[in-house]
Amino acid sequence: MQDNLIDKIYIDGEFVTPHGTELFDLFNPATGKTIGQVRLADEVDTDAAVAAATRALPAWSATSVHERIAALRRVQDALAARQDELTEAVVTEYGGPVRNTWMATSAVGAFGDMIKTLENFEFTRRVGTATVEMAPIGVAGLISPWNSDAFFIADKTATALAAGCTVVMKPSEMSATQTQVVTRAFHDAGLPAGVVNIVTGRGDVVGSAITRHPGIAKISFTGSTAVGKVILRETAETIKNVTLELGGKSPSIILDDADLEQAVPLALAAGFVNSSQACVAGTRILIPESRKDEVLTALTEKVAEFPVGDPRDPRTAIGPMVSERQWDRVQSYIRRGIDEGARLVAGGPGHPEGLPDGYYVRPTLFADVSNDMTIAREEIFGPVLSVITYHDDDDAVRIANDTAYGLHAYIFGTDRERAFRIASRIEAGRVGINGGLEPISPFGGFKQSGLGREYGSYGLEGFLEPRSVME
């Protein structure tokens, strides 16, 4: 076990042993076996990280755009050099299928996207007779989840650094191996000491210490809505600037004019993205009553094209759940769907055939779901999709918007103008039409899916404060 002990955090440009002493077990979700341990940081470590970031802030905030771009490019190159190592960590520690190469490449891409944004961003603007300066907000506290650890660390840190902020990052303790790879890339890039500090610890210890700390000016959190509410309460005392990217229950609307050969695989891909452990997963599939039997048959048949299995098998589309706790959670929702009267047309409870070990879930499709059922209301974070019928476009919009969330939505149809009209009525931060995606467009949610936006210029502005200079 000691050979697989991660016992260092990153503060002030150095790998240091945490003051915290708690050891947290790391698992391979494909086998359920323990693969190592991580020593967790505590409040003392958090204070040290904030102090280092505070010392580094004056010099870093005074750097030029050219200097920040050069620094981001060095990190990008260092992370690209460790891409194979990162992929191995994702497969072993998270169970991410090897065919989902984006889980490693997206971390590298996050730096490229922010470099592109920074090259065209105006930090000084004229508003009437005033000069408006976009100034770094200060030390940024960044808190990321386990379902795409490397990307969230990369994206949040790249954005904060581009703005001229220094960073205290708390990644998930469940993703310590991935975090270690990314941290080494930051170190390899030779950033000034204290500009990036990474402290792995529990949310109720390190996370809470960050959100309450008077030395932190900005919080950027990705995770559950329940935790987001806690963070809002904890940051209220010091009136921090807060960005929250929270849960989702995204609708995928298949219009009655859709080409099912195109729409059905795309809708299932949206539902099963990242083994359905994704806030953007399109887990409510809305289908027209007029084509119900045809669409449902196609959905049921195409589920087989998303096999669950060993994440090292290139044919695998859906890997294991991240933990036994998550497996149990998903199983409880499958049973709840059956109990509430939804019709099981694919998958179901228990382990998939031939996969008795690990945290594998059978890709599950429910039909005859009403939008008031638990499986249609709550974020499951597992491969459980609900098929809901609608009568016309107005009914589809009503059902799509009948949720506490508003993070993402998907529309599939052949009439582009009609799809755009429907998209403009959806209460969601992003709407993808026929698989469309733009990585640097603003990302965030309406309603209980969060506050603020990430990515591109909108994300960058979240780490800046406008200062008006009038003469």
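A short reminder: the numbers here are calculations on the coordinates, not readings from a lab. Worth saying up front: this structure is predicted, and the values here are computed from it rather than measured. Here the Cβ positions follow ideal geometry from the backbone for every residue, glycine too, while neighbour counts run over all protein chains shown.
Full extension of the chain between ASP259 and THR101 gives 54.1 nm of extra length, using 0.36 nm per residue less the Cα-Cα distance. If I stretch the segment between GLU119 and ARG418 completely, what's the gain in nm (0.36 nm per residue apart, minus their alpha carbon distance), one decimal? Taking 0.36 nm per residue and subtracting the Cα distance, the gain is 104.1 nm. Only Cα sites of the range 150-221 enter the Debye sum here, all with the same form factor; the resulting log10 I(q)/I(0) across q = 0.13, 0.16, 0.19, 0.24 1/Å is -0.35, -0.54, -0.78, -1.25, listed in q order. Stretching the chain fully between ALA62 and GLU378 yields a gain of 109.2 nm (0.36 nm per residue, less the alpha carbon separation).
Sum up the charges of everything whose Cβ sits under 13 Å from the Cβ of TYR359, counting Lys and Arg as +1 and Asp and Glu as -1, but leave TYR359 out. Neighbourhood net charge equals -1.
In this simple spin-label approximation, GLU465 and ALA404 carry label points 7 Å from Cα along the Cα→Cβ vector, and these lie 3.3 nm apart. Averaged over residues, the count of other Cβ atoms within 10 Å places the peptides 360-373, 255-268 in the sequence 360-373, 255-268, highest first. Placing +1 on the Cβ of every Lys and Arg and -1 on the Cβ of every Asp and Glu, with no other charges, gives the range 251-439 a dipole of roughly 460 debye about its Cα centre. Label-to-label distance for ASP313 and THR54 is 5.4 nm, based on points extended 7 Å past Cα in the beta-carbon direction. The range 267-289 to the range 91-169: how many Å between their Cα centroids? First find each Cα centre; the distance between them is then 26 Å. Which residues among the range 131-150 fall inside the zone where the amide N is under 20 Å from a point 7 Å beyond the Cα of SER332, along Cα→Cβ? Flagged as within label range: 146-147.
Rounded to the nearest 20 debye, the dipole magnitude of the chain is 680 debye, with +1 charges on Lys and Arg beta carbons, -1 on Asp and Glu beta carbons, and the Cα centre as origin. Shown in residue order for the range 158-169 are the 3J(HN,Hα) couplings computed by the Karplus curve 6.51 cos²θ - 1.76 cosθ + 1.60 at θ = phi - 60°: 4, 5, 4, 5, 4, 7, x, 8, 9, 10, 10, 9 Hz (x for Gly and Pro).
The 3J(HN,Hα) values that the Karplus relation (6.51, -1.76, 1.60; θ = phi - 60°) gives for the range 143-156 are, in residue order, 10, 10, x, 8, 7, 7, 3, 5, 5, 5, 4, 5, 5, 5 Hz. Gly and Pro appear as x. Arranged from fewest to most other beta-carbon atoms within 10 Å of their beta carbon, MET321, MET169 become MET321, MET169.
Between helix 176-188 and the chain there is an angle of about 40 degrees, using the helix long axis and the longest principal axis of the Cα atoms.
Among the listed pairs LYS218/LYS249; LYS116/LYS229; LYS156/LYS249; LYS292/LYS447; LYS8/LYS240, a Cα-Cα separation exceeding 25 Å is found for LYS218/LYS249; LYS116/LYS229; LYS292/LYS447; LYS8/LYS240. In the chain, the longest principal axis of the Cα atoms and the axis of helix 324-339 are about 30 degrees apart. Summary value for the chain: 18 percent relative contact order, contacts being C-alpha pairs under 8 angstrom separated by 6+ residues. Calculated FRET efficiency, ASN434 to ASP77, Cβ-Cβ distance, R0 = 41 Å: about 0.75 to the nearest 0.05. By other beta-carbon atoms within 10 Å, ranking ARG425, ARG284 with the fewest at the front produces ARG425, ARG284.
Between ARG126 and GLU324, the modelled labels are 6.7 nm apart [label points 7 Å from Cα along Cα→Cβ].
Taking the longest Cα principal axis of the chain as reference, the axis of helix 225-236 is set at about 30 degrees.
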